[in-house]
Each structure stands twice: as structure tokens, then as C-alpha cells.
Amino acid sequence: TFFPGVGSAYVEQLPFFVGGLGESSTLQCTLKQTSCKYMYWYRQQGGRELEGLFYSLEDGPGTNFTAKPMTALRSNKKWDLKWKSLSQSDSAVYYCACSTAQ
């Protein structure tokens, strides 16, 4: 189930998505400010610390900060986080962010 996007003056992402175990899924983020050169994906599970997942400086695959089985792809103003097979451990709050400085 998808809901209208939430975001800031810089990025917008879908605030909620549901996928079944073993299914593929994509969480999308849209860049609203072209001055943002650096893009990031983070997640927070339960009461744990924020965990950095991916970083991107330009179009193409993102640099993976973790060994998590997911990928990130940046194309034009889209920054997508993708799963080939969702698992229970993927349950978290995911954040898309951008920055003008690294």
C-alpha cells in the first residue's frame, strides 16, 4: 500500500510501503533541489541508532555502507532503494537525504 509522499524542500519519498516476505520491492526518493549533489539512504530499526546504507555522488549504483542484501540506484532526480527478496530484518523506518557537502 502506498501513500502520498512526504519530504522536505530537498527530497520527497513515499512514507510507507508494505511487501511480503520473499517479494521484491522498491522504495523511491525524488530529489527536489538540483543543488544537492550527495544523496544518502539511512534506516532505523526499533529503538536502535540510525544506520547509513548507501551514498551517491552521481547517477548510477550507490556505494553500499553495509553488507545488507539491497541495492540503490540513482538516475536523474530519482534515488531508489531496491530489494530482490524482502526479509523480516528489512522492517525499519527508511530515510532518504541529500546534502550540498559530503
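The values are calculated or read from the model by the stated rules, or taken from the named source; none is laboratory data. In this text, all values refer to a predicted model and were calculated from it rather than measured experimentally. Every residue, glycine among them, receives a Cβ derived from its backbone with ideal geometry; neighbour counts consider all protein chains shown. Remember, those area values only see protein heavy atoms, side chains included, never the ligands or the DNA or RNA. Shrake-Rupley method; radii C 1.70, N 1.55, O 1.52, S 1.80 Å.
A few points about this structure:
- The range 24-99, accessible area per residue, ligands and nucleic acids excluded (1.4 Å, Å²): 56 Å²
- The chain: relative contact order as a whole-number percent, Cα under 8 Å and 6+ apart: 31 percent
- Förster-model FRET efficiency, 25 Å R0, Ser24 and Leu57, C-beta, rounded to 0.05: 0.45
- Segment Ser35-Ser85, length gained on full extension (0.36 nm per residue, minus Cα span): 14.6 nm
- Accessible surface of the chain, 1.4 Å probe, proportion on carbon and sulfur as whole %: 52 percent
- P(r) tail fraction, the range 24-99 - alpha-carbon pairs more than 19 Å apart, %: 30 percent
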